[in-house]
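Asks: Below you'll find the structure I mean.
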Amino acid sequence: MKRSLLILLILSFNLFGAFELQQLNSEIIGNGGICSLHPFGNNPAVFSTDHKISFTSNYTNLFGIKDLHCWDFGMHYNLNDNNSILIKSNSVGDKVYHENTFNIGYSWRLNIPVSIGISLSYYNLSVEKFETENSFGLSAGICYFLNEQVTMSTLFGNVNRPKICKNEELLPEYFAFGVKWQINRFFELNSELFKDTLYPFNSRFGTKVNLYRNIQFFTGIQTNPDRFSGGVAIQMFNIKFISSLQTHLKLPHTYYIGCQFYLK
Amino acid sequence: MVFRPSEWLKLLSFQNTPFQRPFDHLKGVVGIIILFCNMNLSAININQLIEDGYIVINNENEQEYEEILTNFVDNPIVWTVTNSSQLEQLPINDFLKNSLIHFLKSMREISDWESFQTKSGFSEIEMETIQLFITFEDKKYLSGKVYNFNSLQDEDELAINKNLIRLKMDTPTGWNIGGIIERDQDEIHVFDHFNFSIQSPLLFDRLKINLGSFRFKWGTGLFFNTNPMNMISNSGSGNFYNVGAKIQGYSGSDENNHFLGGSISYQSKVASIFTFYSMNNMDCNIEDGIVTSADYSGYHVSENDLKNHNKLKNISTGIGSSFHIKELQIGMLVYNSNFNYQLEDFYRKNSLSGSSMFHNYQYRDIYFKGEIAYSFNQKYAMVQSIFYRSSRIQTGCNFRYFQPEFQSFSGSTIRHFSSSLENEKGFYYYMGVRINQSTKLTLFSDIYSRIIPSEKGSGIDKGTYSGIYLKRNLKSKSYLEFKLSRKNDLLSVKNSYAVKLKHRLVRNLDLINRYYFTEIFDTNNNSQGFSSYISSKIREHSFSVGTTHHFSNSSTCNLYVYEPGIPLRYNMVTLSGTGRNYFTNYSCQINKQTEIFLSVKQTSKSQQDKYFLQLQLLVAL
């Protein structure tokens, strides 16, 4: 991959490295990139009680740039009614520049309508002809279940301000506040206010429509930079296949595919 | 930046540190005054009531906040002998004030809280607010309070941010005694600011005397006001404020805006006559022997601050009277102020004088208020307003006219242009409606302009400022608020939006979210802020913990955001640039006499971190 393209890619996200801020889960992308409300997003407090174990796997080729392959794997395991763990890993890049992230998180639903979570991320960066760099990031989140329809969540990402590249490059510290409103069994509305501590706010909105019993449609929009996204999910037995698309103002669209597998 | 809690603890426990000296002095003072000790404490509740908008202070100013609140709390109004004009001055929201004034008309004879609540139908939280400011018995006993506030800051090195000790005492015979010692960040002198005040009861049923520091409040504030801030009040009725004639002992932390001397007033049933003399030193900026501007900041850190500290001597005298005839109150005043330097803003004069007349008249639910002031350079200013209150609606309008070259040194009232009261006229309209039991709507609009161009050859500046505020109560003490304001002064259009949601998660645990957005058209400047925190009160303990994130691309778009903090302190923070704050507060009522407050905060702006530790001790004597 040409370095100029890589630089363009990095600048397009307004960050030093793409770690974590680039969502790879196709369902999250279809829903406007909202990362604080999805069990496979960045918020460790998000609780999934529907299934005992959930797996996810996603792939994308960012902006269609040659060799820029991205993979994302995750497992969400409900230990019991109140505790769950999340294990995630993703990989972005090629032989020249490669980022790997491994993440383990734990969430605990309290006796009040609140769940809290904490996660530890391991960041690994390898650039050809340079030493491999590593760093650890600590994230925490809270979910407030206001009633059966409305959930709010706050996410504090990389609160320990991890640094990489010989402690010279700061990985992004970020905050997100999300609201999920399940209007009825067919329609869900999501919104998120996202802030990298050093940059302006991003607003994100997403909708999820259960059109038929096994088909879901997603649409989403993000501001600053403005992007539109959408997707479709088809569920067959315990497997859900998702395909989504995200636009970019300057670069080509990015297509995402993924699947989720559930065990009751 | 290194977090060093051990050093903070050392400071608080007065151990040997490079900062030992200032605290060493204070240690003795704290030790002595805590020995005294019978007054109800309520600071923990106050924070919650401010947060929920039941307590509203007009034209908030950092120096005034504590003084205004404690004055009302320490001197509660006696229900059986009060009147609507006293209730009007309470720092509570307009809707509650309306209900209270209407309830007074029919239920003055009530003498216990149980029947008060049953007959009025006030909610629990409204009762809490009312009980802070109203009492049924005018019993006098020896009582007092000590506020001890310390704030430490750790940026590049640990430093004292502020410390303040304030004492207020009331004797059974009605004497009020107060005093304060205060030091701001980086100030060299431990007692950088101190004052004391003594206020007598009504002697021989006729005379009242004030000695030491005092505040003189007059009419709508054309000549004398206490607050240098002049913007439109958040409280609609606050813009129709007419305090009448009030001389009150002052023990606040404002180093400049008070008088120092004495006053005496003679009071009868229908009239009172008073006179005052003050000789106080003020801060100012001096260039070539001329005062270019007054300096109200109270910070004396730089060489320039120290040089200009107490440089301007203000000798003020005044005599006035006020008359009460049924629902009509009229007051007249003549004053003179002499300064030891010429004042640039007042055509290099060193003497200002003037006369003023105010009126307050109530006809049923309609209030007529106003003041006309005449400065002795033959210029005048006036504020006239009409206001209507019913149990569901309050509405009113206000006309102001400040003639060019009108001279007022300490005047302050609603205005938009310039720092002194001159060359402006405006019309302000306000309406508040209780749409139903759970929804309240407030609207205001202000149209203003200069009377003559500020510079020769230029056009006349003018503009409009308007806003809308909606509050809807939800289930179980939750509510949603929406605010929108728009200011258009021809040069730019500024829109500000604010949304607040308070949701009760479970009993005693609330989630509060706030979002702010401001944009200035033409310049493309904007700012956003988001604050989220949880707040809880369990028995005598209360805590809050949360975060604020903000972004602003211009200093013209700074955000002013409420963050919970130490009660009775000013908890509006100014946010500029990009960054975030984390904060946590803890309060505990140790016993009937003592409350303790602890606040820890970390701010980060453009990767620059600051830590704050604040500690306040409130002891009832």
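Every residue, every condition in (1) surrounded by fewer than 20 Cβ atoms within 10 Å (Cβ to Cβ); (2) among the polar types (S, T, N, Q); (3) more than 30 Å from B:ASN148 (Cβ to Cβ), yes or no:
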| residue | (1), (2), (3) |
| --- | --- |
| B:SER237 | no, yes, yes |
| B:GLY249 | no, no, no |
| B:PHE259 | no, no, no |
| B:SER278 | yes, yes, no |
| B:ASN281 | yes, yes, no |
| B:CYS284 | no, no, yes |
| B:ILE290 | yes, no, yes |
| B:ASP295 | no, no, no |
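Asks: So the check is Cβ under 6 Å with 6+ separation or different chains; which pairs have a first residue in the stretch B:115-143 that's in a loop (DSSP other than H, G, I, E, B) and a second one that's surrounded by fewer than 13 Cβ atoms within 10 Å (Cβ to Cβ) and of a type outside the set (Asp, Glu)?
Replies: Within 6 Å, the pairs are B:PHE136/B:SER111; B:LYS140/B:PRO172; B:TYR141/B:PRO172; B:LEU142/B:PRO172.
Asks: So, one more: Answer with yes or no whether A:SER115 is more than 14 Å from chain B (Cβ to nearest Cβ) and among the polar types (S, T, N, Q).
Replies: no
Asks: Answer yes or no: is there a residue in the stretch B:448-457 that is surrounded by fewer than 18 Cβ atoms within 10 Å (Cβ to Cβ), of a type in the set (A, V, I, L, M) and closer than 23 Å to B:LYS369 by Cβ.
Replies: Yes, because at least one residue in the stretch B:448-457 is surrounded by fewer than 18 Cβ atoms within 10 Å (Cβ to Cβ), of a type in the set (A, V, I, L, M) and closer than 23 Å to B:LYS369 by Cβ.
Asks: Can you name every residue in the stretch B:146-176 that is modelled with pLDDT of 90 or more and in a loop (DSSP other than H, G, I, E, B)?
Replies: B:TRP175
Asks: Quick one: B:TYR560 ticks every box in (1) buried (at least 21 other Cβ atoms within 10 Å of the Cβ); (2) more than 29 Å from B:VAL146 (Cβ to Cβ) bar one, so which box is it?
Replies: Of everything listed in (1) buried (at least 21 other Cβ atoms within 10 Å of the Cβ); (2) more than 29 Å from B:VAL146 (Cβ to Cβ), B:TYR560 misses just condition (1).
Asks: Determine whether A:LEU120 is away from chain B (no Cβ under 14 Å) and assigned to a strand (DSSP E or B).
Replies: When the stated conditions are applied, A:LEU120 passes them.
Asks: Sticking with this one: Among the numbered criteria (1) more than 14 Å from chain B (Cβ to nearest Cβ); (2) within 20 Å of A:LEU37 (Cα to Cα); (3) of a type in the set (Phe, Trp, Tyr); (4) buried (at least 21 other Cβ atoms within 10 Å of the Cβ), which single criterion is violated by A:TYR106?
Replies: (4)
Asks: Could you check how many residues of the stretch A:190-213 are farther than 30 Å from B:GLY579 by Cβ, of a type outside the set (Ser, Thr, Tyr) and modelled with pLDDT of 90 or more?
Replies: Qualifying residue count for the region: 3.
Asks: Among (1) within 14 Å of chain B (Cβ to nearest Cβ); (2) closer than 16 Å to A:LEU21 by Cα, which single condition is A:ASP226 missing?
Replies: Unmet for A:ASP226, out of (1) within 14 Å of chain B (Cβ to nearest Cβ); (2) closer than 16 Å to A:LEU21 by Cα: (1).
Asks: To continue, here is another question. Go through the stretch A:160-196 and give me each residue that's within 13 Å of chain B (Cβ to nearest Cβ) and over 22 Å from A:ASN134 (Cβ atoms).
Replies: A:PHE175, A:ALA176, A:PHE177, A:GLY178, A:VAL179, A:TRP181, A:SER191, A:GLU192, A:LEU193, A:PHE194, A:LYS195
Asks: Test B:SER418 against the criterion of being assigned to a loop (DSSP other than H, G, I, E, B) and under 18 Å from B:ALA245 (Cα atoms), and give yes or no.
Replies: For B:SER418, the condition - assigned to a loop (DSSP other than H, G, I, E, B) and under 18 Å from B:ALA245 (Cα atoms) - is not met.
Asks: Do the conditions hold for B:ARG434, that is, is it in a strand (DSSP E or B) and basic (Lys, Arg)?
Replies: For B:ARG434, the condition - in a strand (DSSP E or B) and basic (Lys, Arg) - is met.
Asks: When the residues of the stretch B:563-576 are narrowed to those that are under 22 Å from A:TYR199 (Cα atoms) and aliphatic (A, V, I, L, M), which ends up farthest from the other protein chains (Cβ to nearest Cβ)?
Replies: The selected residue is B:VAL573.
Asks: Quick check on my filter: what residues within the stretch A:123-169 are of a type outside the set (Gly, Ala, Ser), in contact with a Ser or Thr (Cβ under 6 Å, 6 or more places away or on another chain) and not in a loop (DSSP other than H, G, I, E, B)?
Replies: Hits for the stretch A:123-169 are A:TYR123, A:ILE142, A:CYS143, A:PHE145, A:THR154, A:LEU155, A:ILE164.
Results for (1) more than 14 Å from chain A (Cβ to nearest Cβ); (2) more than 25 Å from B:MET382 (Cβ to Cβ); (3) touching a helix residue (DSSP H, G or I) at 6+ places or on another chain (Cβ under 7 Å), shown as yes or no for each residue.
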{"residue": "B:VAL433", "(1), (2), (3)": "yes, yes, no"}
{"residue": "B:ILE451", "(1), (2), (3)": "yes, no, no"}
{"residue": "B:LYS456", "(1), (2), (3)": "yes, yes, no"}
{"residue": "B:LYS471", "(1), (2), (3)": "yes, yes, no"}
{"residue": "B:SER478", "(1), (2), (3)": "no, yes, no"}
{"residue": "B:LYS483", "(1), (2), (3)": "yes, yes, no"}
{"residue": "B:VAL493", "(1), (2), (3)": "yes, yes, no"}
{"residue": "B:VAL499", "(1), (2), (3)": "no, yes, no"}
{"residue": "B:ARG507", "(1), (2), (3)": "no, yes, no"}
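Residue by residue, here is whether (1) away from chain A (no Cβ under 14 Å); (2) at pLDDT 90 or above holds:
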site: B:SER554; (1), (2): no, no
site: B:THR578; (1), (2): no, yes
site: B:TYR582; (1), (2): no, yes
site: B:ILE596; (1), (2): yes, yes
site: B:VAL600; (1), (2): yes, yes
site: B:LEU617; (1), (2): yes, no
site: B:ALA620; (1), (2): yes, no
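Asks: Those residues that are hydroxyl-bearing (Ser, Thr, Tyr) and part of a strand (DSSP E or B), I need them from the stretch B:572-621; list them, please.
Replies: Scanning the stretch B:572-621 gives B:THR574, B:THR578, B:TYR582, B:THR584, B:TYR586, B:SER587, B:THR594, B:SER599, B:THR603, B:SER604, B:TYR611.
Asks: When you go through (1) under 21 Å from the mean Cα position of the chain (by Cα); (2) assigned to a strand (DSSP E or B) one by one for A:LEU211, which number turns out not to apply?
Replies: Going through the list (1) under 21 Å from the mean Cα position of the chain (by Cα); (2) assigned to a strand (DSSP E or B), A:LEU211 breaks only (1).
Asks: Go through B:PHE530, B:PHE517 for me and flag whichever is crowded, with 21+ Cβ neighbours inside 10 Å and not in a loop (DSSP other than H, G, I, E, B).
Replies: Exactly one residue qualifies, and that residue is B:PHE530.
Asks: I'd like the full set of residues that are facing chain A (nearest Cβ under 9 Å), farther than 19 Å from B:SER552 by Cβ and not aliphatic (A, V, I, L, M), limited to the stretch B:509-532.
Replies: B:ASN513
Asks: Please work out if B:SER535 is buried (at least 20 other Cβ atoms within 10 Å of the Cβ) and away from chain A (no Cβ under 11 Å).
Replies: yes
Asks: Can you tell me which residue among B:ASN436, B:ASN423 is more than 24 Å from the chain's Cα centre (by Cα), among the polar types (S, T, N, Q) and on the phi > 0 side of the Ramachandran plot?
Replies: One residue alone meets the criteria, B:ASN423.
Asks: Considering only the stretch A:235-248, how many residues are hydrophobic (A, V, I, L, M, F, W, C), more than 15 Å from A:LEU24 (Cα to Cα) and surrounded by 14 or more Cβ atoms within 10 Å (Cβ to Cβ)?
Replies: Matching residues across the stretch A:235-248 total 0.
The values are calculated or read from the model by the stated rules, or taken from the named source; none is laboratory data. Every value quoted in this text rests on a predicted model; they were computed, and no experiment measured them. Cβ: placed from backbone, ideal geometry, glycine included. Neighbour counts: every protein chain shown.
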